[in-house]
Amino acid sequence: MDLFWRQGYEATGVADLTSHLGIGRQSLYSTFGDKRGLFEEALSLYADTEVRAVIELLKSPGSPLGNLRRLFAMWLERSAGGHRCGCMVGNTVAELAPHDKDLADRLEKQFRRIEDAFARTLRRAQHEGELSADKNTRALARTLLAVMQGLAVTMRVAKPNFGRDVVSTVDALLAA
């Protein structure tokens, strides 16, 4: 997963994979069928760990908007730190989804999982009086997803103050 996440699908060769995993080509083919099979397993592992972690953080007890703020602060710290790989789902959307409908459908489901978690959190914030009842939680959830993915991409090259400005703007958007 880490190798595909860092390098992308196309830039990761079978030799890279066998060397990284410490296995022979035949073992890779016997276990996963081919490079694509291994990639799909890695993408599933990413969704099972990373996407689930986002959703669990949003479901945490306490302030729903506080959970959103913690998520964006964590996302910024991770994106601006030594792990400048972006989001594997977002990276794969950019690299492969335009040419692969089946994969695009799978990736869209992962984005929908995050969007739905944002929407639930925002509805909870409305219910608890933290967010104005007139806010369209679905539209705001989609905006937050787009900002989160944009932050993951731009922080691969941007300076930390760029990301801090984005997160501050998200905070202001949620407070308005």
Inset, instruction - Mind jotting down the distance between the C-alpha centroids of segment 43-68 and segment 106-147, whole Å? - result: 13
Inset, instruction - Per DSSP H run of at least 4 residues, take -39500 (n - 2.57); add these up for the chain, divide by its residues and hand me the 222 nm value, nearest 500 deg cm²/dmol. - result: -23000 deg cm²/dmol
Legend entry - Two-site FRET efficiency, residue 48 against residue 74, from Cβ-Cβ distance with R₀ of 22 Å, rounded to 0.05: 0.75
Legend entry - Theoretical FRET efficiency, 1/(1+(r/R0)^6), r = Cβ-Cβ of residue 27 and residue 128, R0 45 Å, to 0.05: 0.30
Inset, instruction - Match the structure shown to one of the listed values (1) 141; (2) 116; (3) 166 of volume of the Cα convex hull per residue in Å³, computed from it, and give that label. - result: (2)
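Throughout, read-outs are computed from the coordinates displayed, never taken from laboratory work. Keep in mind it's a predicted model, so treat the numbers as computed, not measured. As a convention, Cβ positions derive from the backbone with ideal geometry for all residues, glycine included, and neighbour counts pool all protein chains shown.
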